[in-house]
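The values are calculated or read from the model by the stated rules, or taken from the named source; none is laboratory data. Note that this is a predicted model, so its numbers are computed, not measured. Cβ atoms come from the backbone with ideal geometry, glycine included; neighbour counts cover every protein chain shown.
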Amino acid sequence: MMNKILIAIDLSENSLKAVDYVARMMQCHAAVDVTLLNVIKEPSTDIMPDERERMDYVEQKRSETLGLMEQAARKLTEHEIPEKNVHLKIQICSKPVSVAELILKECEAGSYGTIVVGRRGMSKKEEFLFGSVSNKIVREARDCTVWVVE
Amino acid sequence: MNESLLREKIEEYSRFPLRGQLNIVTDTTEFMNIQADDVLELAGNYYLVRGEETEGRFGLDGEPKFWVKKAIDLADGSHKIIKLVFHESFTMRIGSLPIKCFRSPVKEGRILEKTRDDPYFMKGFTIEDSSGNCIRIIDKIQGTRFYDYINNLAQDHEQYFHEHFPEVLQNVIQCVEAIHRLHQAGEVHGDIRNDHIFIERGSRRYIWIDFDYTYEWAENPFGVDLYGLGNILLFTVGKGFHNIPDLNACGPPGIEMRSCLAPGDLSLFFKHRVANLQKLFPYIPNSLNHVLLHFSQGAEVFYETSDELLHDLRVCESDLLPC
């Protein structure tokens, strides 16, 4: 049976650590299927009213993200996870949504068995003000395993 | 309205005739150049500028806000606050934490529209000037800032807590309910402070003002508003904020407040501010202190939604009712 793993990554170093961890854990497992997921949040129109500017911002983010995801995918294939079993997915959101909820929806829709997230090590104050994606996933994930890589 | 009629209205509503040339402004882009006695012509309405609003934070005379004009509507003599377009972004500090903040006229205009029928928010509407600037015409609220009201109460804390606080808390809960409605409408206030609530003369209703701040998206979109609500609760329950250096200065000689306060009793965001107010005022009921401790360094669980906060506050309200 194929082990389906969803790795949620952003542009942080910890995300690559999470990918590294999965690569080492799943080395030589032919029956593993890994999706790297990144969410790009389009700036709100209140902050960036000009549509062209918003589109340019998203395009630049997509290009940066793609570069990082390809680097992450190479980490997986270098550990002998078959290239055909590594997928890249970028979601662009134009509305203020919870990234954790998006990841959980993707997990459910794709019937993944495992979600992997990095953790930045937020302070209590940051967690209060901004919320933590990894904490929310740990709290709300159902019918799957969650790996939090620090 | 022709010039002679405008002059007539100006004299009628400002009680003084306009001396010198009448300066009518239709493009407000250069708001620094708009001065007292100028008349703004906006979408067929005329407003006499009386000067600039000042920040007025913490009871001090602040810097003038050149993009916010005090004005009189020359149609009926009513007092208005006219907010012109001023886009700025800056880094605000919440305690020691920097957070990028943006001023958005469009956001405030949208909230004015969404809360048009909600009496707990300032009233006004948005119109465009001749250059398409999004201008908000706000009804001036006659009343007192909540900050000044609490600070000007003469009683000591115990008398305040037993005589005034239950009513104040009811009003603050109504304010939190209003913020909850705003959140449900997909908006945040963005600048919740105890001087951004006005107590309207007559109705005694607590009314939210000034919601043009916005932020980049975060996982918890309501965190900044909840932080503000926490500060308002600490201020309300404590009848002001209580900081360790002030307490030491006022206490009996040789007594160090720090000796009876653990780090977990202090505010999460302000390291000298006491959040565990029950240690200072033992008659504060547990249910209320429990709410305050969610904003302390010792908190393990935070409120993520205004609904969660409201749920706990309603318990406090019933605990404060006389037996």
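Any residue at all in the stretch A:55-64 that is farther than 26 Å from B:Ser89 by Cβ, more than 14 Å from chain B (Cβ to nearest Cβ) and not β-branched (Val, Ile, Thr)? Steps first, answer last, please.
If we filter the stretch A:55-64 for residues that are farther than 26 Å from B:Ser89 by Cβ, which is where we start, we get none.
So far as the stretch A:55-64 goes, no, none of its residues is farther than 26 Å from B:Ser89 by Cβ, more than 14 Å from chain B (Cβ to nearest Cβ) and not β-branched (Val, Ile, Thr).
Out of the residues in the stretch B:189-242 that are within 14 Å of chain A (Cβ to nearest Cβ), part of a loop (DSSP other than H, G, I, E, B) and more than 13 Å from the chain's Cα centre (by Cα), which is surrounded by the fewest Cβ atoms within 10 Å (Cβ to Cβ)?
B:Glu216
Under the condition of being in contact with a strand residue (DSSP E or B) (Cβ under 9 Å, 6 or more places away or on another chain) and more than 9 Å from chain B (Cβ to nearest Cβ), which residue from the stretch A:116-134 is nearest to B:Ala299 (Cα to Cα)? So that I can check it myself, show each step before the final result.
So in the stretch A:116-134, the residues in contact with a strand residue (DSSP E or B) (Cβ under 9 Å, 6 or more places away or on another chain) come out as A:116-119, A:123, A:125-126, A:129-130, A:133-134.
Add one more test, that the residue is more than 9 Å from chain B (Cβ to nearest Cβ), and what stays is A:116-119, A:134.
Values: A:Val116: 27, A:Val117: 25, A:Gly118: 24, A:Arg119: 20, A:Ser134: 19 Å.
Going through the qualifying residues, I end up with A:Ser134.
Please state which of the following conditions A:Thr77 fails to meet, knowing it meets all the rest: (1) part of a helix (DSSP H, G or I); (2) more than 16 Å from the chain's Cα centre (by Cα); (3) farther than 18 Å from A:Met2 by Cβ.
Condition (3) is where A:Thr77 drops out.
When B:Ile81 is evaluated against the numbered criteria (1) farther than 25 Å from B:Asp195 by Cβ; (2) in contact with a strand residue (DSSP E or B) (Cβ under 6 Å, 6 or more places away or on another chain); (3) surrounded by 15 or more Cβ atoms within 10 Å (Cβ to Cβ), which criterion, by number, is the only one it fails?
Looking at each condition in turn, B:Ile81 falls short on (1).
Can you work out which of the residues in the stretch B:299-310 that are more than 22 Å from the chain's Cα centre (by Cα) and surrounded by fewer than 16 Cβ atoms within 10 Å (Cβ to Cβ) is farthest from B:Leu321 (Cα to Cα)? Even if it seems obvious, please write down each step before you answer.
Applying the first criterion (more than 22 Å from the chain's Cα centre (by Cα)) to the stretch B:299-310 yields B:299-302.
Imposing the further condition that a residue be surrounded by fewer than 16 Cβ atoms within 10 Å (Cβ to Cβ) reduces the set to B:300-301.
On the way: B:Glu300: 29, B:Val301: 27 Å.
That would be B:Glu300.
Using the structure shown, decide if B:Ala71 is touching a strand residue (DSSP E or B) at 6+ places or on another chain (Cβ under 9 Å), in a loop (DSSP other than H, G, I, E, B), modelled with pLDDT of 95 or more and not assigned by TED's automatic domain parsing to the domain that holds B:Arg273.
Against the criterion (touching a strand residue (DSSP E or B) at 6+ places or on another chain (Cβ under 9 Å), in a loop (DSSP other than H, G, I, E, B), modelled with pLDDT of 95 or more and not assigned by TED's automatic domain parsing to the domain that holds B:Arg273), B:Ala71 does not qualify.
Just the residues that are more than 10 Å from every other protein chain (Cβ to nearest Cβ), among the hydrophobic types (A, V, I, L, M, F, W, C) and crowded, with 18+ Cβ neighbours inside 10 Å, please, taken from the stretch A:97-115.
Matches in the stretch A:97-115: A:Ile103, A:Leu104, A:Cys107, A:Ile115.
Residues of the stretch A:26-54 being surrounded by 15 or more Cβ atoms within 10 Å (Cβ to Cβ) and either assigned to a helix (DSSP H, G or I) or of a type in the set (Phe, Trp, Tyr) (or both), which ones?
A:Arg54 - this is the single residue of the stretch A:26-54 that is surrounded by 15 or more Cβ atoms within 10 Å (Cβ to Cβ) and either assigned to a helix (DSSP H, G or I) or of a type in the set (Phe, Trp, Tyr) (or both).
For the condition assigned by TED's automatic domain parsing to the domain that holds B:Arg50 and aliphatic (A, V, I, L, M), what is the one hit in B:Ile135, B:Ile94, B:Ile99, B:Ile111?
So the residue among B:Ile135, B:Ile94, B:Ile99, B:Ile111 that is assigned by TED's automatic domain parsing to the domain that holds B:Arg50 and aliphatic (A, V, I, L, M) is B:Ile135.
Determine whether B:Ser89 is farther than 30 Å from B:Thr144 by Cβ, of a type in the set (S, T, N, Q) and out of contact with any Ser or Thr (no Cβ under 9 Å at 6 or more places or on another chain).
Answer is yes for this residue.
Among the numbered criteria (1) part of a loop (DSSP other than H, G, I, E, B); (2) more than 18 Å from B:Phe235 (Cβ to Cβ), which one does B:Glu308 miss?
Going through (1) part of a loop (DSSP other than H, G, I, E, B); (2) more than 18 Å from B:Phe235 (Cβ to Cβ) one by one, B:Glu308 breaks only (1).
Do you know which residues across the stretch A:21-54 are away from every other protein chain (no Cβ under 14 Å) and either under 19 Å from B:Glu219 (Cβ atoms) or touching a residue at least 60 places away in the same chain (Cβ under 8 Å) (or both)?
Across the stretch A:21-54, the qualifying residues are A:Tyr21, A:Val22, A:Thr35, A:Leu37, A:Asn38.
Give me a count of the residues in the stretch B:194-222 that are without any contact (Cβ under 8 Å) to a residue 24 or more places away in the chain and either aromatic (Phe, Trp, Tyr) or closer than 15 Å to B:His294 by Cα (or both).
Counting residues in the stretch B:194-222 that are without any contact (Cβ under 8 Å) to a residue 24 or more places away in the chain and either aromatic (Phe, Trp, Tyr) or closer than 15 Å to B:His294 by Cα (or both) gives 1.
Here are some conditions: (1) in contact with a Ser or Thr (Cβ under 7 Å, 6 or more places away or on another chain); (2) surrounded by fewer than 20 Cβ atoms within 10 Å (Cβ to Cβ); (3) within 14 Å of another protein chain (Cβ to nearest Cβ). A:Val148 meets all but one. Which one does it not meet?
(3)
Looking at B:His290, is it crowded, with 16+ Cβ neighbours inside 10 Å and free of Cβ contacts under 8 Å to residues at least 60 places away in the same chain?
no
Return the residues of the stretch A:135-145 that are polar (S, T, N, Q) and more than 10 Å from chain B (Cβ to nearest Cβ); say none if nothing qualifies.
Passing the criteria: only A:Thr145.
For the stretch B:89-108, which residues satisfy the criterion of being polar (S, T, N, Q), farther than 16 Å from B:His189 by Cα and at the interface with chain A (Cβ under 9 Å from one of its Cβ atoms)?
Within the stretch B:89-108, B:Ser89, B:Ser96 qualify.
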